[in-house]
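Heads up: the structure comes next, in structure tokens.
The values are calculated or read from the model by the stated rules, or taken from the named source; none is laboratory data. Just so it is clear, the structure is predicted and the values come from calculations on it, not from any experiment. When we count neighbours, we look across all protein chains shown, and the Cβ atoms used for this are built from the backbone with ideal geometry, even at glycine.
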Protein chains: 2
Amino acid sequence: MDKGKLFQQFVRFTSSVHQVTNDMTKEIKIENITTVQYKILEFITVSQPVTLSEISECLHLSLPNSSRELKKLIQSQLCEKIIDSNDRRKFDICLTENGTVLMNKVFRQLELNFQERIKNLTDSDLKEIEEAINILQTKFLSR
Amino acid sequence: MDKGKLFQQFVRFTSSVHQVTNDMTKEIKIENITTVQYKILEFITVSQPVTLSEISECLHLSLPNSSRELKKLIQSQLCEKIIDSNDRRKFDICLTENGTVLMNKVFRQLELNFQERIKNLTDSDLKEIEEAINILQTKFLSR
DNA sequence: CCCTTTAGTTATCATTTGATAACTAAATGG
DNA sequence: CCATTTAGTTATCAAATGATAACTAAAGGG
């Protein structure tokens, strides 16, 4: 197995994934939400409940900056803090009702883009894609 | 084939890919190069020669902003313009000798991270991963 | 009970990035 | 050969992001 060649493929692959997801998300515009704030929202959506430290670590933002941006999201009533009764320094962050509605709308749009992209594929192609995703997910992407 | 479920998997998958590539690249710091400038360099490296319009389109930057950032990269002597003799409004952009050396260094570091990540996998795992990447690349990611 | 660590806040400043208008110069098309 | 389109430039301003210092308040450990 040529690991150098695999690395080359990996580079092209990740660059394609970034390209495709960029194209799929670029038209999605939410009023009064910046790019970083959107990433935070997306992270909360996928991983909720999360702590501020987790946001900070996973999105490579400093704690002060995470705090600032979260504050704006809370002011926009898109997410909320739920104090952890075991450790009152911490708190869990969840989407509010509003936030959930918003992110559902975003993901529906994303799914339309996705379905558009796969609409010409056969069932056996889709099956192969599913398996490929599973292999990468279990063997390579999860730590 | 449940396309809705496939979408869910796709979302988790892309989020994992972003996470992993973020982690692999986050320690890579080049002096006097901003994030956007690095993305431009990366794009040139993978796709050279490129035009300014291609940079602008693929990285979702306006032409004026692309021009500004490219100017800085040229001032840092990391890339250069090569006038297209067929159409003198256009020009191709390539890495300079310096830029090539720099990006080689970056990619070597990236490759070390990559090898570290796969070091415990068997040859048959790697073979599966390679095939999975190929399937996604040909059936899903390329337009 | 005190000291240290952890988790987050607030304020401030510099830098980066985004957006837009007004421009040049070359190509293209009738 | 003139008008329009294409490709890129320059300047300027506003907004977003990054970095850091000084802070609070709770938890944990001896």
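Checking the structure you have, find out if any residue of the range A:23-33 is within 15 Å of DNA strand D (Cβ to nearest atom), touching a residue at least 12 places away in the same chain (Cβ under 8 Å) and in a helix (DSSP H, G or I).
So far as the range A:23-33 goes, yes, one or more of its residues are within 15 Å of DNA strand D (Cβ to nearest atom), touching a residue at least 12 places away in the same chain (Cβ under 8 Å) and in a helix (DSSP H, G or I).
Can you tell me which residue within the range B:36-68, out of those that are over 18 Å from residue B:110 (Cα atoms) and of a type in the set (Val, Ile, Thr), is farthest from DNA strand D (Cβ to nearest atom)?
B:36
Just one of B:85, B:66 is within 16 Å of DNA strand C (Cβ to nearest atom), small (Gly, Ala, Ser) and at pLDDT 95 or above; which is it?
Exactly one of B:85, B:66 is within 16 Å of DNA strand C (Cβ to nearest atom), small (Gly, Ala, Ser) and at pLDDT 95 or above, namely B:66.
Kindly list, by first and then second residue, each pair from a residue in the range A:9-22 that is of a type in the set (A, V, I, L, M) to a residue that is in a helix (DSSP H, G or I), limited to pairs with Cβ atoms under 7 Å and residues at least 6 apart or on different chains.
Going by the 7 Å Cβ cut-off, the qualifying pairs are A:17/B:14; A:17/B:17; A:17/B:141; A:20/B:141.
Just for the range B:85-143: of the residues that are away from chain A (no Cβ under 14 Å) and hydroxyl-bearing (Ser, Thr, Tyr), which one is farthest from residue B:22 (Cα to Cα)?
Looking at the filtered set, the residue picked out is B:85.
Keeping to the range B:26-45, report how many residues are more than 9 Å from DNA strand C (Cβ to nearest atom), within 15 Å of the chain's Cα centre (by Cα) and basic (Lys, Arg).
Qualifying residue count for the region: 1.
Residues are listed down the side, and each one gets a yes or a no for (1) loosely packed, with under 13 Cβ neighbours inside 10 Å; (2) of a type in the set (Val, Ile, Thr):
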residue	(1), (2)
A:56	no, no
A:62	yes, no
A:77	yes, no
A:89	yes, no
A:94	no, no
A:98	no, no
A:106	no, yes
A:113	no, no
A:122	yes, yes
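Let me confirm something: among B:108, B:89, which residue is basic (Lys, Arg), in a loop (DSSP other than H, G, I, E, B) and within 22 Å of residue B:47 (Cβ to Cβ)?
B:89
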